[in-house]
1. Among the lysines, which have Cα under 22 Å from the Cα of Lys166 when same-chain residues fewer than 8 positions away are ignored?
2. When the helix-only estimate is applied to the chain (DSSP H runs of n ≥ 4, each -39,500 (n - 2.57), divided by the residue count), what is the mean residue ellipticity at 222 nm, nearest 500 deg cm²/dmol?
3. Mean 1/r over all different Cα pairs, inverted: what Kirkwood radius does the chain give, in Å?
4. Could you order peptides 140-146, 224-230 by the average number of other Cβ atoms within 10 Å of their residues, highest first?
5. Can you give me the Cα centroid spacing of the range 372-398 and the range 241-303 in angstrom?
6. Under the Kirkwood approximation applied to all pairs of distinct alpha-carbon atoms, what is the hydrodynamic radius of the range 47-88 in Å?
7. Which loop GluC sites (Glu not before Pro) in the range 84-179, with loop taken from DSSP, have no more than 15 other Cβ atoms within 10 angstrom of their Cβ?
8. Which value, in debye to the nearest 20, describes the size of the charge dipole of the chain about its Cα centre when Lys and Arg Cβ atoms bear +1, Asp and Glu Cβ atoms bear -1, and nothing else is charged?
Amino acid sequence: MNRARILILGAAGRDFHTFNIMYRGDPSVEVVAFTAQQIPHIEDRSYPTELAGELYPAGIPIESEDDLEVLIQEQRVDRCVMAYSDVSYQYVMNLASRVNVAGAAFELPDPRASMLRSERSVVAVCASRTGAGKSPTSRAVVSVLRDAGARVAIIRHPMPYGELVKQRVQRFASAEDLTRHEVTIEEREEYEPHIANGSVVWAGADYADILREAEKEADVILWDGGNNDTPFIEPDVLVTLVDPHRAGHELSYYPGENNVRMADVILVNKVDTADPGAVATVVENARSINPKATILKAACPPSPEDPEVLRGREVLAVEDGPTVTHGGMGYGAASIAARRLGATLRDPRPYGAQQIRDLEQTIAAAAADGVEAVAIGTPIDLGRLVDIPVPHTRVRYEIEMEQPDALSRVLEPVLNGVPGPP
C-alpha cells in the first residue's frame, strides 16, 4: 500500500498533538517531517520514536520551515498540514501558495478532528489573538468552579521545547516542580500564576496521557489555551476572548476566527483601556459571525504593586513576551500602567537582544543611560530571576466582569454537574 506522505507545519506544540491524534498509528499515511516556525532553537531535533510510535522506529525529523520547498521535493510530499497558530490570513495563504507551487496540497484540518473527549466536564478558554487575557480569565473561571465545590485540573497548551520523552506528561503543583522540570521563562510565566493561586497545572507532549492523569484528580477540566489556538479537548463551554486593542483581528487571524465562530461565550476584554469605538467594532464583528454566542464584557486594569516607583519617572517597560512578539502588540500592561502614572517610556531596542541574560544586560544598560525605574508586566516576578539595578514594580492584571455574576451564569452547563461544596 502506498502511504500518503505528509509534512506537518508546526511550532513545537499543536503539530505534535495533531500527529498524535490524527496520524500516529495510521498505516495509510507517513509523516515524513515536522517543520519548525515561531519558536527559536527547535529545529534540528526529532520527534522521538517513544512518542511517535512503532511506525516510526527512527522518530520524525524536525526541519526549518525556511526549507519548505526543498523538503516537499526531496521527501515527495503529497500534502502539508497546517498545525500552528496566531498567524494572519495573508501569512496562511502565502504559505499555502509556497506549498502548492512546490507540488503539494495544503490542508487546514477540522479543529474538532484533534479534540480529545474527556470523562469530566470541560471548560476551554481560548482567544482571537495572543495576549487577549486568557490567563486571568482562566483564574477567574477556576474561582467560580471552586466556589461551587469542583476540583479543577488545569491543562495548559504545550510548550515542549526540551527533552520530549521527559516532557510526555508534566504535573506542576509547586515552585519546586517548575525547577525540577527545568521549565523555560515562557513556561514559568504561564504556570506560576496558576500554582500561586493553588491550582495544579498539567502540560507536556502527549495530551491523551495528560488528560487521563488529570481526570484522576478533577471534577472539571479547564483547558487554558495558548496563542489563539483551538482547544485540544472538546469543551462543554468554550469561552473565547477578543481584544479591542486589536479590533478586526478576530476576523483576520488563524485560527482565532475559528474560536470566535465556535464559542459559546465571547468575552470582550480590556474595555477599560480600549477605545469605545474599537469595543463596538469587536462586538459587531463577533455578533456577525456567531450570533448565538453570549457576549460579555470585562475590564482588565493594570495595577502596579507600588505606583510611586513609576510615577513621573523615566521607565523601561518589560512586557509579556508572546503579547508583543507574535501577538503583534507594541505595548502591554506595563506600558499602560506607566503612562497612567505620568511616566516617560524608554525605547529599549538600542540595548540589545531577547534572551534572559541579554534582558538583564539590556536593563543594566538602560539604567546606566538614565532609566529611573522598571515596570514589570510579565506574569511572573521577573525581579527574582534577573538583577534589576533600579527601583522596579510588578504590574498585575485581573479580570473584572462588567456583570459580577456573568461567569457563573455562562458556566451553568458545567456547574450543574458539580457535586457541590463539601
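Where a number appears in this text, it was derived from the coordinates with a stated rule and is not lab data. What you are looking at is a predicted structure, and each value in this text was computed from that prediction instead of being measured. Backbone-built Cβ (ideal geometry, glycine too); neighbour counts: all protein chains shown.
1. The qualifying lysines are Lys216.
2. It comes out at -8500 deg cm²/dmol, rounded to the nearest 500.
3. Kirkwood radius, the chain: 22.4 Å.
4. Values: 140-146: 20.4, 224-230: 26.1.
Highest mean packing first, the order is 224-230, 140-146.
5. The range 372-398 and the range 241-303 have Cα centres separated by 29 Å.
6. 12.2 Å
7. Listed in order of number, the matching sites are Glu119, Glu163.
8. 680 debye
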